[in-house]
Protein chains: 2
Amino acid sequence: MPPPTPSNRARIESTAARLFRRNGYTGTGLKQISADAGAPFGSIYHHFPGGKQQLAETVIRSTGREYLDLVLGLLDGDPDPAAAVHRAFEAAATDLAAADYADACTIATVALEVASTDEVLRVATADVFETWVQALAEWFGTWCDSGVARELAQSTIMILEGAFVLSRASRDPEPLLVAGRSMAALVRAAVDQAPPGRPDHGHVRSS
Amino acid sequence: MPPPTPSNRARIESTAARLFRRNGYTGTGLKQISADAGAPFGSIYHHFPGGKQQLAETVIRSTGREYLDLVLGLLDGDPDPAAAVHRAFEAAATDLAAADYADACTIATVALEVASTDEVLRVATADVFETWVQALAEWFGTWCDSGVARELAQSTIMILEGAFVLSRASRDPEPLLVAGRSMAALVRAAVDQAPPGRPDHGHVRSS
DNA sequence: GTCTATAGCATGATAGAC
DNA sequence: GTCTATCATGCTATAGAC
């Protein structure tokens, strides 16, 4: 049972996540994190002896789990996968606009910054994306072949991340809504080709 | 006719573009740019009195034009738009792997970093994306209705940018190849529904 | 253990020598 | 006009007071 007042460490993590998401990894200073979190500077190095890198890795992995739960919660319980995906993108558009286009995806922002400069953090972002792909592929697997499901999962994440980039840049929810329509169309086409449920493995051919 | 040896200014711009692309905007220092370009530090402020921001804006807009020409060159001359899109994604996958997953898209990397912190650069990235969307929409317009064409253009750019994120993070060309297959499927479906050429405006219904 | 003060270094920007 | 030396400020990280 977590204490009613968030711990110092928890505040540092959530503050770091928010600042990384908005200003990037290199664009966020540890001083700013401790100030915004209302925690002394030394607390960061007490809880994260590995410094900025260890804090960022922790944030990437925990944020990855939180986002996954959030998305699966949005998708779950809908009998129509295309409609569920469409709804999820609409929710993302509403949330991003409500956050004044500041809070999109921590992982993607950091991923592009560190892919060529920090191997530890690059691997952390790759692990998070792979977790998302596997979870989403399992979800899509209810309606289609596992190979098709994995590609749908990858495409969903890719077009979502790309839509975040365009929506944040233009301060307009339209790209996210367009992405939702396109992705729903892709899902519907894939599900229509590969009938559900039947434990019929092997190649599927529409003849 | 440009001189055989690139000018100081040109080298600064191309070096900045490369470093922004690999290390991000905040992750790149002006000192590093001048050193890598083999130009004196003062040259940056001589050619770009507005400092780092003006240099970045110049790089964003010129890089935007270069990428557009590159993509249109890849797409042009193919009678089948889905096949052309598929080929373009394959080329992107090959190029990214050849560049050791360092050189993807300057615009997207900078866009996520500055969207909430630098209004001038945010607008520059938004302008570039809108230019791309319009040019691609015109290209798709050869085969389908202009509204459908614009959404295809947006989706192409979004899934490409998202694929860059996943491919760079995982150091694997697969996401780009998956994105190419998904996008080709979307294009084929859209083109099949809305027959080409005929100047028949208004709603299209497949009956 | 919690926190403050500071070291050592890099940054963006500028002033002024040549 | 071209370039160098330097400024003030920010960073990450650490040492050590309490």
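All told, A:T58 falls short of being within 15 Å of DNA strand C (Cβ to nearest atom), open to solvent by less than 80 Å² (accessible area, probe 1.4 Å) and under 27 Å from A:D95 (Cβ atoms). Looking only at residues in segment A:27-48 that are more than 14 Å from chain B (Cβ to nearest Cβ) and within 24 Å of the chain's Cα centre (by Cα), the one that is farthest from DNA strand D (Cβ to nearest atom) is A:A37.
Against the definition (more than 13 Å from DNA strand C (Cβ to nearest atom), more than 14 Å from every other protein chain (Cβ to nearest Cβ), among the hydroxyl-bearing types (S, T, Y) and surrounded by 19 or more Cβ atoms within 10 Å (Cβ to Cβ)), how does A:T15 come out, yes or no? Considered against the rule, which asks whether it is more than 13 Å from DNA strand C (Cβ to nearest atom), more than 14 Å from every other protein chain (Cβ to nearest Cβ), among the hydroxyl-bearing types (S, T, Y) and surrounded by 19 or more Cβ atoms within 10 Å (Cβ to Cβ), A:T15 comes out as yes. Residues that are at the interface with chain A (Cβ under 9 Å from one of its Cβ atoms) and buried (at least 23 other Cβ atoms within 10 Å of the Cβ) within segment B:177-194 comprise B:V178, B:A179, B:S182, B:M183, B:L186, listed in sequence order. Looking only at residues of segment B:66-86 that are free of Cβ contacts under 8 Å to residues at least 40 places away in the same chain and in a helix (DSSP H, G or I), we find that the one that is least open to solvent (accessible area, probe 1.4 Å) is B:A84.
Yes/no matrix, rows are residues, columns are (1) farther than 22 Å from A:V123 by Cα; (2) small (G, A, S); (3) more than 11 Å from DNA strand C (Cβ to nearest atom):
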| site | (1), (2), (3) |
| --- | --- |
| A:P6 | yes, no, yes |
| A:R22 | no, no, yes |
| A:Y25 | no, no, yes |
| A:T28 | no, no, yes |
| A:A35 | yes, yes, no |
| A:P40 | yes, no, no |
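The residue that is most open to solvent (accessible area, probe 1.4 Å), counting only those in segment B:95-148 that are more than 30 Å from A:G29 (Cβ to Cβ) and at the interface with chain A (Cβ under 9 Å from one of its Cβ atoms), is B:E130. Residues of segment A:29-50 include none that is basic (K, R), in a helix (DSSP H, G or I) and either touching a Cys at 6+ places or on another chain (Cβ under 6 Å) or crowded, with 18+ Cβ neighbours inside 10 Å (or both).
The values are calculated or read from the model by the stated rules, or taken from the named source; none is laboratory data. Nothing here was measured: the structure is a model prediction, and the numbers come from that model. Note: ideal-geometry Cβ built from the backbone for every residue, glycine included; neighbour counts use all protein chains shown. Accessible surface areas use protein heavy atoms only, side chains included; no ligands, DNA or RNA. Shrake-Rupley method; radii C 1.70, N 1.55, O 1.52, S 1.80 Å.
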